[in-house]
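Inspection log for the structure reproduced underneath, given as structure tokens.
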Amino acid sequence: MEPIGLYLHIPFCDGKCYYCNFFSKHTDDAAIDEYVSALKRSVASWSNRINRQIGTVYFGGGTPSLLGDQRLIDLLDTVKGCFDVDKNAEITVEVNPSSAFSLDFSAMRAAGFNRLSIGLQSANDNELQLLGRRHTVHDAQNTVAAAQNAGFDNISLDVMLAVPEQTMDSLHHTLDFCADCQVQHISAYILKIELETRFYQQRKKLPLFDDDAQAAIYEEGVSYLNKLGYHQYEISNFSLKGRESRHNLMYWHDQEYLGLGPSAHSFLDGKRFYYDNSFDAFYTDKLSYEGDGGNEEEYIMLALRLTEGLIFDRFKQRFGHPLSDRFMRSAGMLTEKGFATLTSSSLSLTVKGFLVSNAVIGYLLENT
């Protein structure tokens, strides 16, 4: 069987950013220790339930770096002791941009962590303040440098597009900063106003961009990153050649993974399930089931997030039949309108198509 991905959710933050609706709590050392112990028990329990090799490990949050390097290393050691982890596994941890002096990156690298994801969001301090971030550009620069000095050569920076007060010049400044840091990967997400966030409460007062302005910023971001040498391989993800996120590619290739922690989702043995946004649900191992996964519609939807698109031979190999004539006619119509590119071997969305991907993919799924 193919290796699976393992996701460990670390649901703690030192404050809530104004745009964030992820499950996380402000906490203390005692609660963190309790959670780490529970997570280690969960890892051990699941290793007895499934016999699968681990191809990637991802520590996400929240803010995993709040655990400190020793707890993170302890968790990774537990994973390695309980599961058969591929010797070439990609092992990622999300870290705070202010981690330069709070984490021992050398110890983490020696323990097996080999990829970092850092939530920069912007290289402009005024934009960081508007987003409710608690770090400066200088903090992020120091953290990247400290990680590189410790031997990390696979680092990703997250940036946000269409944030209040952003201009094309400030966008260029942020992307230039990322390139100047010599990171291998950049994730660039358009700001979304989510329920139960400070931005949602302030939405009528915020100087938000309309759809056309968001589209222009996104298109400029894609173009500028390409000029800097970062190729787009997914709607919001860009990398140097060969430095795509292997863990996230598992999701988009509709491969299986196990997620542990409150709000963590899994796809195993054809079933999708998750833990609720509750410590109690996780501590008592109470799972909620979404139903079957991996069907044709799901596969198409996920594949079309990638710039390589839907590869027809892969679809036929997985499902035992080619795509329908009706689907191919619909794909041709989208190509004529500039939303997609159709070849004899694949269907992929254009930048214009990515901007309205939900509608485009919905249209195709109605005609599968």
(message) Out of everything in segment 293-342 that is touching a residue at least 24 places away in the same chain (Cβ under 8 Å) and among the charged types (D, E, K, R), what residue ends up being surrounded by the most Cβ atoms within 10 Å (Cβ to Cβ)?
(response) 305
(message) Just to be sure I understand the filter: pairs with C-beta atoms under 6 Å, separated by 6 or more residues or on different chains, first member in segment 178-193 and within 30 Å of residue 205 (Cα to Cα) and in contact (Cβ under 8 Å) with a residue 60 or more places away in the chain, second member surrounded by fewer than 18 Cβ atoms within 10 Å (Cβ to Cβ) and basic (Lys, Arg). Which pairs pass?
(response) 193/203
(request) Determine whether segment 250-271 contains at least one residue that is of a type in the set (Asp, Glu) and under 18 Å from the mean Cα position of the chain (by Cα). (result) yes
(request) With the condition kept exactly as written, say whether any residue in segment 90-98 is in the same structural domain as residue 185 (by TED's automatic domain parsing), over 22 Å from the mean Cα position of the chain (by Cα) and in contact (Cβ under 8 Å) with a residue 12 or more places away in the chain. (result) no
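Would you pick out the residues in segment 319-368 that are charged (D, E, K, R) and more than 14 Å from residue 307 (Cα to Cα)?
Scanning segment 319-368 gives 325, 326, 329, 336, 337, 366.
Being in the same structural domain as residue 201 (by TED's automatic domain parsing), among the aliphatic types (A, V, I, L, M), closer than 30 Å to residue 202 by Cβ and not in a strand (DSSP E or B) narrows it down to one residue among 103, 130; which is it?
130
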(message) Consider segment 204-228. How many of its residues are over 19 Å from residue 121 (Cβ atoms) and in a loop (DSSP other than H, G, I, E, B)?
(response) 3
(request) From (1) more than 17 Å from residue 115 (Cα to Cα); (2) aliphatic (A, V, I, L, M); (3) in a strand (DSSP E or B), pick out the condition that doesn't hold for residue 93. (result) (1)
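The values are calculated or read from the model by the stated rules, or taken from the named source; none is laboratory data. Predicted, not measured: the structure shown is a model, and the values here were computed from it. Positions of Cβ are generated from backbone atoms using ideal geometry, with glycine treated the same way; all protein chains shown enter the neighbour counts.
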